[in-house]
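The values are calculated or read from the model by the stated rules, or taken from the named source; none is laboratory data. Since the model is a prediction, treat every value here as computed from it, not as a measurement. Cβ atoms come from the backbone with ideal geometry, glycine included; neighbour counts cover every protein chain shown. The area values use the complete protein model at the heavy-atom level, side chains included, leaving out ligands, DNA and RNA. Shrake-Rupley method; radii C 1.70, N 1.55, O 1.52, S 1.80 Å.
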Amino acid sequence: MGWLVLVGSGLAVIGLCLLGYCIFQAISAKRSGLDDAAMRQRLQKIVAINMGALLLSVLGLMCVVLGVFLS
């Protein structure tokens, strides 16, 4: 079950990288000085990516835990 740990850790790392991307996008959106409607639209896209990144990280960590328990 070592492959499950490797796949899970890869998914978790990809998810964490996407979370970092979301943080930098949110900071740049805040600094850009957009009006409320444009800011809301931009942040909605960021939140969608953020939720996907969290899901990917959780699935990766679940695979790691499952792989450790099964090995």
With respect to residue 8, is the statement that it is in contact with a Ser or Thr (Cβ under 6 Å, 6 or more places away or on another chain), on the phi < 0 side of the Ramachandran plot and either modelled with pLDDT of 95 or more or not basic (Lys, Arg) (or both) true? no
In region 12-48, how many are in contact (Cβ under 8 Å) with a residue 40 or more places away in the chain and open to solvent by 50 Å² or more (accessible area, probe 1.4 Å)? 3
Against the definition (within 26 Å of residue 9 (Cα to Cα), touching a helix residue (DSSP H, G or I) at 6+ places or on another chain (Cβ under 7 Å) and surrounded by 13 or more Cβ atoms within 10 Å (Cβ to Cβ)), how does residue 53 come out, yes or no? yes
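Matching residues to (1) modelled with pLDDT under 95; (2) in contact with a Phe, Trp or Tyr (Cβ under 6 Å, 6 or more places away or on another chain); (3) assigned to a helix (DSSP H, G or I):
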{"position": "4", "(1), (2), (3)": "yes, no, yes"}
{"position": "14", "(1), (2), (3)": "no, no, yes"}
{"position": "17", "(1), (2), (3)": "no, no, yes"}
{"position": "33", "(1), (2), (3)": "yes, no, no"}
{"position": "39", "(1), (2), (3)": "yes, no, yes"}
{"position": "43", "(1), (2), (3)": "yes, no, yes"}
{"position": "51", "(1), (2), (3)": "no, no, yes"}
In region 56-69, how many residues are open to solvent by 80 Å² or more (accessible area, probe 1.4 Å) and either without any contact (Cβ under 8 Å) to a residue 60 or more places away in the chain or farther than 13 Å from residue 8 by Cα (or both)? 3
